[in-house]
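The values are calculated or read from the model by the stated rules, or taken from the named source; none is laboratory data. All figures in this text were calculated on a predicted structure; none of them were measured in a lab. Here the Cβ is made from the backbone with ideal geometry for all residues, glycine too, and neighbour counts use every protein chain on show. Surface accessibility is based on the protein's heavy atoms, side chains included, excluding ligands, DNA and RNA. Shrake-Rupley method; radii C 1.70, N 1.55, O 1.52, S 1.80 Å.
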Amino acid sequence: MTNTLQDKKEISKKLKEKAINEGFTTSGIASIPGSSRLKLRTNALDRWLSKNHHSEMKWMEAERRKNISSLLEGAKSVLSVGFNYMNSENSMQNRLLKIGKFGQGEDYHKVISKKLKNIGKWINLEIPDCKWKICVDTSPLLEKAWAEESGLGWIGKNSNLISKKNGSWLLLGFMILTKELVPDKPHQSLCGKCDKCMEHCPTKAIVEPFVVKSDLCIAYHTIESREKTIPKKIENKLNGWVAGCDICQDVCPWNKSISYNNTLETKPREWIKNFNTDALNWNDKTWEENLKGTTLKRIKPWMWRRNIKANLKNK
Ligand code: SF4
Ligand code: SF4
(Lines give C-alpha, C1' and ligand atoms only; values in the text may rest on other atoms or scores of the structure.)
(Ligands and ions follow the chains in the order given, each with its own letter.)
Protein backbone atom coordinates (compact mmCIF):
# COMPACT_ATOMS: atom_id res chain seq x y z
CA MET A 1 0.00 0.00 0.00
CA THR A 2 1.25 3.51 -0.75
CA ASN A 3 -0.59 5.91 1.47
CA THR A 4 1.88 8.20 3.21
CA LEU A 5 3.28 11.20 1.41
CA GLN A 6 6.70 9.58 1.46
CA ASP A 7 5.30 6.44 -0.21
CA LYS A 8 3.53 8.55 -2.81
CA LYS A 9 6.71 10.49 -3.53
CA GLU A 10 8.67 7.31 -3.91
CA ILE A 11 6.24 5.56 -6.25
CA SER A 12 5.82 8.77 -8.31
CA LYS A 13 9.59 8.97 -8.75
CA LYS A 14 9.85 5.28 -9.63
CA LEU A 15 7.02 5.57 -12.16
CA LYS A 16 8.71 8.46 -13.96
CA GLU A 17 12.02 6.60 -13.94
CA LYS A 18 10.31 3.52 -15.35
CA ALA A 19 9.02 5.67 -18.23
CA ILE A 20 12.55 6.88 -19.01
CA ASN A 21 13.87 3.32 -18.84
CA GLU A 22 11.22 2.28 -21.37
CA GLY A 23 12.71 4.75 -23.87
CA PHE A 24 10.72 7.93 -23.30
CA THR A 25 12.76 11.13 -23.27
CA THR A 26 10.76 12.87 -20.62
CA SER A 27 8.02 12.07 -18.11
CA GLY A 28 5.89 13.96 -15.60
CA ILE A 29 2.82 13.64 -13.42
CA ALA A 30 -0.32 15.77 -13.03
CA SER A 31 -3.20 15.51 -10.60
CA ILE A 32 -6.78 15.37 -11.80
CA PRO A 33 -8.68 17.73 -12.22
CA GLY A 34 -5.58 19.91 -12.79
CA SER A 35 -4.82 23.56 -12.11
CA SER A 36 -6.61 26.74 -13.22
CA ARG A 37 -4.14 26.89 -16.11
CA LEU A 38 -5.71 23.75 -17.55
CA LYS A 39 -9.10 25.44 -17.41
CA LEU A 40 -7.65 28.32 -19.43
CA ARG A 41 -6.34 25.87 -22.03
CA THR A 42 -9.76 24.19 -22.23
CA ASN A 43 -11.38 27.59 -22.76
CA ALA A 44 -8.81 28.38 -25.48
CA LEU A 45 -9.70 25.09 -27.21
CA ASP A 46 -13.39 26.08 -27.06
CA ARG A 47 -12.65 29.44 -28.68
CA TRP A 48 -10.53 27.75 -31.37
CA LEU A 49 -13.35 25.31 -32.13
CA SER A 50 -16.04 28.00 -32.11
CA LYS A 51 -14.09 29.87 -34.80
CA ASN A 52 -13.94 26.64 -36.82
CA HIS A 53 -10.12 26.79 -36.90
CA HIS A 54 -10.14 22.96 -36.87
CA SER A 55 -11.80 22.90 -40.34
CA GLU A 56 -12.94 19.35 -41.16
CA MET A 57 -11.38 17.72 -38.08
CA LYS A 58 -14.80 17.44 -36.42
CA TRP A 59 -13.64 14.70 -34.04
CA MET A 60 -11.91 17.46 -32.10
CA GLU A 61 -15.30 18.74 -30.96
CA ALA A 62 -15.93 15.67 -28.75
CA GLU A 63 -16.88 16.86 -25.26
CA ARG A 64 -15.04 13.88 -23.80
CA ARG A 65 -11.74 15.49 -24.90
CA LYS A 66 -12.22 18.02 -22.13
CA ASN A 67 -13.17 15.66 -19.35
CA ILE A 68 -10.36 13.33 -18.48
CA SER A 69 -12.27 11.83 -15.53
CA SER A 70 -14.83 10.37 -17.92
CA LEU A 71 -12.13 8.20 -19.51
CA LEU A 72 -11.46 6.09 -16.43
CA GLU A 73 -13.64 5.75 -13.37
CA GLY A 74 -11.87 6.97 -10.25
CA ALA A 75 -9.09 8.72 -12.25
CA LYS A 76 -6.76 10.66 -9.93
CA SER A 77 -3.46 11.19 -11.78
CA VAL A 78 -1.98 11.40 -15.26
CA LEU A 79 1.46 10.21 -16.31
CA SER A 80 2.59 12.22 -19.36
CA VAL A 81 5.48 11.03 -21.50
CA GLY A 82 7.35 12.44 -24.47
CA PHE A 83 9.08 10.34 -27.13
CA ASN A 84 11.87 12.07 -29.06
CA TYR A 85 11.44 11.24 -32.76
CA MET A 86 14.43 13.24 -34.00
CA ASN A 87 16.77 10.91 -35.90
CA SER A 88 20.07 12.11 -37.38
CA GLU A 89 18.93 10.81 -40.79
CA ASN A 90 15.58 12.59 -41.06
CA SER A 91 16.54 16.09 -42.16
CA MET A 92 14.66 17.27 -45.25
CA GLN A 93 16.94 20.20 -45.99
CA ASN A 94 17.53 20.87 -49.70
CA ARG A 95 15.03 18.22 -50.76
CA LEU A 96 12.58 18.87 -53.58
CA LEU A 97 9.82 16.93 -51.81
CA LYS A 98 9.66 16.88 -48.04
CA ILE A 99 8.07 14.60 -45.45
CA GLY A 100 7.47 15.68 -41.84
CA LYS A 101 9.87 14.21 -39.31
CA PHE A 102 7.01 12.95 -37.12
CA GLY A 103 6.05 10.32 -39.71
CA GLN A 104 9.38 9.02 -40.94
CA GLY A 105 9.90 6.18 -38.48
CA GLU A 106 7.64 3.45 -37.10
CA ASP A 107 3.97 4.17 -36.47
CA TYR A 108 4.27 6.20 -33.27
CA HIS A 109 0.87 5.08 -31.93
CA LYS A 110 2.26 1.56 -31.78
CA VAL A 111 5.68 2.57 -30.44
CA ILE A 112 4.24 4.67 -27.62
CA SER A 113 1.39 2.27 -26.77
CA LYS A 114 3.81 -0.63 -26.47
CA LYS A 115 6.04 1.27 -24.06
CA LEU A 116 3.06 2.46 -22.01
CA LYS A 117 1.71 -1.08 -21.82
CA ASN A 118 5.04 -2.20 -20.39
CA ILE A 119 4.70 0.52 -17.77
CA GLY A 120 1.16 -0.75 -17.11
CA LYS A 121 2.48 -4.28 -16.46
CA TRP A 122 4.99 -2.80 -14.04
CA ILE A 123 2.18 -0.89 -12.26
CA ASN A 124 0.18 -4.12 -11.92
CA LEU A 125 3.05 -5.51 -9.87
CA GLU A 126 4.12 -2.39 -7.98
CA ILE A 127 0.72 -0.78 -7.31
CA PRO A 128 -1.77 -3.65 -7.70
CA ASP A 129 -4.74 -1.57 -6.50
CA CYS A 130 -4.19 1.00 -9.28
CA LYS A 131 -6.21 0.88 -12.51
CA TRP A 132 -4.79 2.55 -15.60
CA LYS A 133 -5.72 3.52 -19.14
CA ILE A 134 -3.48 4.45 -22.05
CA CYS A 135 -4.20 7.45 -24.33
CA VAL A 136 -2.17 8.06 -27.48
CA ASP A 137 -3.24 10.75 -29.92
CA THR A 138 -6.56 9.26 -30.94
CA SER A 139 -7.93 9.29 -27.42
CA PRO A 140 -10.23 12.14 -26.49
CA LEU A 141 -7.91 14.16 -24.29
CA LEU A 142 -6.44 17.65 -24.30
CA GLU A 143 -2.99 16.17 -24.83
CA LYS A 144 -0.70 19.16 -24.92
CA ALA A 145 -2.43 20.89 -22.02
CA TRP A 146 -1.96 17.82 -19.83
CA ALA A 147 1.69 17.56 -20.85
CA GLU A 148 2.14 21.20 -19.83
CA GLU A 149 0.28 20.51 -16.59
CA SER A 150 2.67 17.59 -15.89
CA GLY A 151 5.69 19.86 -16.30
CA LEU A 152 6.96 18.30 -19.55
CA GLY A 153 7.15 21.67 -21.27
CA TRP A 154 4.94 24.50 -22.49
CA ILE A 155 2.62 25.03 -25.43
CA GLY A 156 4.57 27.28 -27.80
CA LYS A 157 3.13 30.00 -30.03
CA ASN A 158 3.25 27.44 -32.85
CA SER A 159 0.91 25.27 -30.68
CA ASN A 160 3.52 22.52 -30.20
CA LEU A 161 4.61 21.25 -26.83
CA ILE A 162 8.18 22.44 -26.22
CA SER A 163 10.51 20.94 -23.66
CA LYS A 164 13.32 23.14 -22.37
CA LYS A 165 15.77 20.25 -22.63
CA ASN A 166 14.38 18.35 -25.61
CA GLY A 167 12.74 20.90 -27.89
CA SER A 168 9.48 20.13 -29.68
CA TRP A 169 10.33 16.98 -31.64
CA LEU A 170 8.28 15.01 -29.16
CA LEU A 171 5.34 12.70 -29.57
CA LEU A 172 3.16 12.55 -26.51
CA GLY A 173 1.57 9.68 -24.68
CA PHE A 174 -0.50 9.49 -21.50
CA MET A 175 -1.58 7.08 -18.86
CA ILE A 176 -4.52 7.86 -16.62
CA LEU A 177 -4.27 6.24 -13.20
CA THR A 178 -6.62 5.73 -10.26
CA LYS A 179 -3.73 6.25 -7.82
CA GLU A 180 -3.11 9.56 -6.15
CA LEU A 181 0.49 10.56 -6.94
CA VAL A 182 2.70 13.57 -6.30
CA PRO A 183 2.24 15.99 -9.23
CA ASP A 184 5.00 17.97 -10.92
CA LYS A 185 4.77 21.72 -11.29
CA PRO A 186 2.97 22.91 -14.46
CA HIS A 187 5.53 24.37 -16.89
CA GLN A 188 5.64 28.10 -17.55
CA SER A 189 5.83 29.43 -21.10
CA LEU A 190 9.34 30.32 -22.27
CA CYS A 191 8.47 31.74 -25.70
CA GLY A 192 8.92 35.26 -24.35
CA LYS A 193 9.17 37.91 -27.07
CA CYS A 194 10.17 35.41 -29.75
CA ASP A 195 7.78 35.07 -32.68
CA LYS A 196 9.98 33.29 -35.22
CA CYS A 197 7.39 30.59 -35.91
CA MET A 198 4.74 33.20 -36.73
CA GLU A 199 7.15 35.17 -38.86
CA HIS A 200 8.40 32.16 -40.87
CA CYS A 201 5.11 30.36 -41.45
CA PRO A 202 4.73 30.71 -45.23
CA THR A 203 0.93 30.79 -45.15
CA LYS A 204 0.57 32.93 -41.98
CA ALA A 205 -1.43 30.11 -40.43
CA ILE A 206 -0.48 31.13 -36.87
CA VAL A 207 -3.04 33.90 -36.80
CA GLU A 208 -2.22 34.89 -33.24
CA PRO A 209 0.11 33.35 -30.64
CA PHE A 210 -0.95 29.74 -29.92
CA VAL A 211 -3.71 29.81 -32.57
CA VAL A 212 -3.12 27.83 -35.77
CA LYS A 213 -5.86 28.14 -38.36
CA SER A 214 -6.03 24.69 -39.95
CA ASP A 215 -7.48 26.04 -43.16
CA LEU A 216 -4.20 27.92 -43.71
CA CYS A 217 -1.84 25.23 -42.45
CA ILE A 218 0.23 23.11 -44.87
CA ALA A 219 0.29 20.19 -42.41
CA TYR A 220 -3.53 20.15 -42.33
CA HIS A 221 -3.87 20.34 -46.12
CA THR A 222 -1.32 17.61 -46.81
CA ILE A 223 -2.34 15.17 -44.06
CA GLU A 224 -5.95 15.73 -43.04
CA SER A 225 -7.80 17.44 -45.87
CA ARG A 226 -9.84 15.18 -48.14
CA GLU A 227 -10.40 17.94 -50.71
CA LYS A 228 -9.61 16.87 -54.28
CA THR A 229 -7.18 19.72 -54.76
CA ILE A 230 -4.98 21.88 -52.55
CA PRO A 231 -6.36 25.44 -52.51
CA LYS A 232 -4.44 27.93 -54.65
CA LYS A 233 -3.55 30.12 -51.64
CA ILE A 234 -1.70 27.14 -50.10
CA GLU A 235 -0.46 25.46 -53.29
CA ASN A 236 2.09 28.10 -54.20
CA LYS A 237 3.46 28.21 -50.65
CA LEU A 238 3.99 24.49 -50.07
CA ASN A 239 7.79 24.82 -50.17
CA GLY A 240 8.15 21.14 -51.11
CA TRP A 241 6.04 19.72 -48.28
CA VAL A 242 4.00 16.69 -49.34
CA ALA A 243 3.29 15.21 -45.90
CA GLY A 244 3.21 17.57 -42.95
CA CYS A 245 5.28 20.73 -42.53
CA ASP A 246 8.14 21.28 -40.08
CA ILE A 247 8.89 24.94 -40.77
CA CYS A 248 7.51 26.43 -37.53
CA GLN A 249 9.47 23.85 -35.53
CA ASP A 250 12.66 24.03 -37.61
CA VAL A 251 12.96 27.76 -36.86
CA CYS A 252 12.22 27.47 -33.14
CA PRO A 253 15.30 28.40 -31.06
CA TRP A 254 14.46 25.64 -28.58
CA ASN A 255 15.11 23.07 -31.31
CA LYS A 256 18.63 24.28 -32.08
CA SER A 257 20.68 21.97 -29.89
CA ILE A 258 18.70 18.90 -28.99
CA SER A 259 19.92 15.33 -29.04
CA TYR A 260 19.02 12.62 -31.52
CA ASN A 261 17.18 9.46 -30.64
CA ASN A 262 18.79 7.13 -33.16
CA THR A 263 16.80 3.97 -32.58
CA LEU A 264 15.19 1.62 -35.10
CA GLU A 265 11.83 3.14 -34.10
CA THR A 266 12.80 6.60 -35.40
CA LYS A 267 14.96 5.53 -38.37
CA PRO A 268 13.45 6.75 -41.65
CA ARG A 269 12.40 4.10 -44.14
CA GLU A 270 14.63 3.79 -47.22
CA TRP A 271 11.86 5.04 -49.57
CA ILE A 272 11.55 8.17 -47.44
CA LYS A 273 15.27 8.85 -47.64
CA ASN A 274 15.08 8.62 -51.44
CA PHE A 275 11.66 10.16 -51.93
CA ASN A 276 11.31 11.98 -55.24
CA THR A 277 8.90 12.58 -58.11
CA ASP A 278 9.12 8.89 -59.19
CA ALA A 279 6.49 8.34 -56.51
CA LEU A 280 3.93 9.71 -58.96
CA ASN A 281 4.30 6.43 -60.88
CA TRP A 282 3.66 4.20 -57.86
CA ASN A 283 0.40 2.29 -57.95
CA ASP A 284 -1.81 1.87 -54.88
CA LYS A 285 -0.20 -1.47 -54.04
CA THR A 286 3.29 0.06 -53.92
CA TRP A 287 1.98 2.85 -51.72
CA GLU A 288 0.34 0.32 -49.45
CA GLU A 289 3.57 -1.64 -49.07
CA ASN A 290 5.63 1.47 -48.40
CA LEU A 291 3.21 3.02 -45.93
CA LYS A 292 2.66 -0.17 -43.96
CA GLY A 293 3.69 0.24 -40.33
CA THR A 294 4.03 4.03 -40.53
CA THR A 295 1.86 6.88 -39.27
CA LEU A 296 1.85 8.23 -42.83
CA LYS A 297 -0.64 5.58 -43.94
CA ARG A 298 -3.44 7.96 -42.99
CA ILE A 299 -2.44 9.90 -46.12
CA LYS A 300 -4.11 7.89 -48.88
CA PRO A 301 -2.27 7.26 -52.20
CA TRP A 302 -4.52 9.74 -54.07
CA MET A 303 -3.66 12.38 -51.48
CA TRP A 304 0.09 11.79 -51.94
CA ARG A 305 -0.39 12.23 -55.70
CA ARG A 306 -2.45 15.39 -55.13
CA ASN A 307 0.24 16.80 -52.82
CA ILE A 308 3.17 15.97 -55.11
CA LYS A 309 1.42 17.42 -58.16
CA ALA A 310 0.54 20.60 -56.25
CA ASN A 311 4.23 21.04 -55.41
CA LEU A 312 5.38 20.43 -58.97
CA LYS A 313 3.03 23.09 -60.35
CA ASN A 314 5.19 25.69 -58.70
CA LYS A 315 8.61 24.41 -59.73
S1 SF4 B 1 2.99 23.58 -39.88
FE2 SF4 B 1 3.76 24.92 -41.52
S3 SF4 B 1 1.94 25.93 -42.35
FE4 SF4 B 1 1.35 25.01 -40.37
S5 SF4 B 1 1.65 26.63 -38.90
FE6 SF4 B 1 3.58 25.53 -38.95
S7 SF4 B 1 4.82 26.61 -40.51
FE8 SF4 B 1 2.71 27.25 -40.74
S1 SF4 C 1 9.66 29.96 -32.49
FE2 SF4 C 1 9.70 31.28 -30.67
S3 SF4 C 1 7.56 31.86 -30.38
FE4 SF4 C 1 7.57 30.12 -31.73
S5 SF4 C 1 7.29 28.38 -30.41
FE6 SF4 C 1 9.50 28.64 -30.66
S7 SF4 C 1 10.11 29.94 -28.94
FE8 SF4 C 1 7.90 30.07 -29.09
Task: Calculated FRET efficiency for the pair Glu288/Asn43, C-beta based, R₀ 45 Å, to 0.05 - done: 0.60
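For the pair Lys185 and Thr229, what calculated FRET efficiency results from E = 1/(1 + (r/R0)^6), where r is the Cβ-Cβ distance and R0 = 45 Å, to the nearest 0.05? Provide the component values of the computation, followed by the final result.
Numbers: r = 47 Å, r/R0 = 1.05.
After rounding to 0.05, the efficiency reads 0.45.
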Task: Accessible area in square angstrom per residue, the chain, 1.4 angstrom probe - done: 49
TODO: Restrict the search to region 139-198; then list the trypsin sites (Lys or Arg not before Pro) that DSSP places in a loop and that have at most 16 other Cβ atoms within 10 Å of their Cβ.
DONE: Lys164, Lys165, Lys193
TODO: With the convex hull built on the Cα atoms of the chain, state its orientation-averaged projected area in nm².
DONE: 16.0
Task: Per-residue [θ]222 nm for the chain (sum of -39500 (n - 2.57) over DSSP H runs n ≥ 4, rounded to 500) - done: -8500 deg cm²/dmol
TODO: Run the quick spin-label model on Glu10 and Trp122: label points 7 Å from Cα toward the beta carbon, then report their separation in nm to one decimal.
DONE: 1.7
Open item on the list: Show me the ranking of peptides 271-283, 292-304 by mean Cβ neighbours inside 10 Å, starting with the highest.
Closed with: 292-304, 271-283
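Of the heavy-atom accessible surface of region 1-56 (probe 1.4 angstrom), what whole percent is carbon and sulfur?
Here it works out to 52 percent.
With only alpha-carbon atoms in the gyration tensor, what are the semi-axes of the equivalent ellipsoid for region 26-179, in Å, largest first?
26, 21, 14
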TODO: First obtain the Kirkwood hydrodynamic radius of region 173-315 from its Cα pairs, then insert it into the Stokes-Einstein equation at 20 °C and 1.002 mPa s, and state the resulting D in µm² per second as a whole number.
DONE: 120
Open item on the list: Tell me the relative contact order for the chain as a rounded percent, counting alpha carbon contacts under 8 Å between residues six or more apart.
Closed with: 25
Task: Probe 1.4 Å - accessible area at Val251, Å² to nearest ten - done: 30
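Which percent of the accessible heavy-atom area of region 188-315 goes to carbon and sulfur, probe 1.4 angstrom?
Using a 1.4 Å probe with all protein chains present, region 188-315 comes out at 53 percent carbon and sulfur.
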Task: Area of Val207 that stays accessible when all protein chains are in place (1.4 Å probe, Å², to 10) - done: 70
Open item on the list: Could you tell me the center-to-center distance, by alpha carbons, between region 101-179 and region 257-315 in angstrom?
Closed with: 25
